[in-house]
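Please read the structure below before turning to the comments.
The values are calculated or read from the model by the stated rules, or taken from the named source; none is laboratory data. Bear in mind the structure is a predicted one, so any value in this text is a computation, not a measurement. For neighbour counting, all protein chains shown are included, and Cβ atoms are generated from backbone atoms with ideal geometry for every residue, glycine included.
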Amino acid sequence: MQSGTPLILLLVAIGLIALSSWVEEALSIGWNRIYFTMGLPIIVLQVPVESYHTNIPSVPRLEAQFRSAVTGSVVFRQIAPGTYGFRGKLFDFALFRVGIHGMLFFDREKGRVVLKGFAGLGELLLYLFLLTIVPLIPSPWFERLLPFSCIGLFIGIPYLIDLRRCAKLASFAASAWSRIYSP
């Protein structure tokens, strides 16, 4: 009976990861305001804007700027006055798809653009599961180094891509907000 325990734990873990991913997709598709404003922030950027105008960049302007076949397109929706939610475009097949979701806030009081990018719960559970399981594999420490290195690459490379994309997004939003433009 105890020999089946690891299999049961594995199935429960896979079920939790799948369930959390499905819930996240439903919240993302429905543009749920809480989903785009709360979570585990993995990227927080604040770009000061010396002078800004009453108009903020429009959704079509932001989306036109952030289309990519390599990293996938980013889509936006206004979720509150002066605040946009963003995520990777669904069914957008790209080499490195944007993995985070978050909010872009035009802070008129402090004259800055604030971008917060949140980690997905399904991804976090998957990485936590892998970090828990790999040490339990009965093998010499150097054989466990390869899975840990792979986990590091699977976390690190997408994070760096998302960080670069978010930095461009925050910079573009601040620049566009400080110039008068016509939609």
Looking at the structure I just gave you, is Phe66 surrounded by 16 or more Cβ atoms within 10 Å (Cβ to Cβ), aromatic (Phe, Trp, Tyr), within 16 Å of the chain's Cα centre (by Cα) and modelled with pLDDT under 85? yes
Surrounded by fewer than 17 Cβ atoms within 10 Å (Cβ to Cβ), part of a helix (DSSP H, G or I) and acidic (Asp, Glu) - does that describe any residue in the range 46-54? no
Please name all residue pairs, on different chains or six or more residues apart, with Cβ atoms under 7 Å, provided the first residue is in the range 15-42 and is free of Cβ contacts under 8 Å to residues at least 12 places away in the same chain and the second residue is of a type outside the set (A, V, I, L, M, F, W, C). Leu27/Tyr35
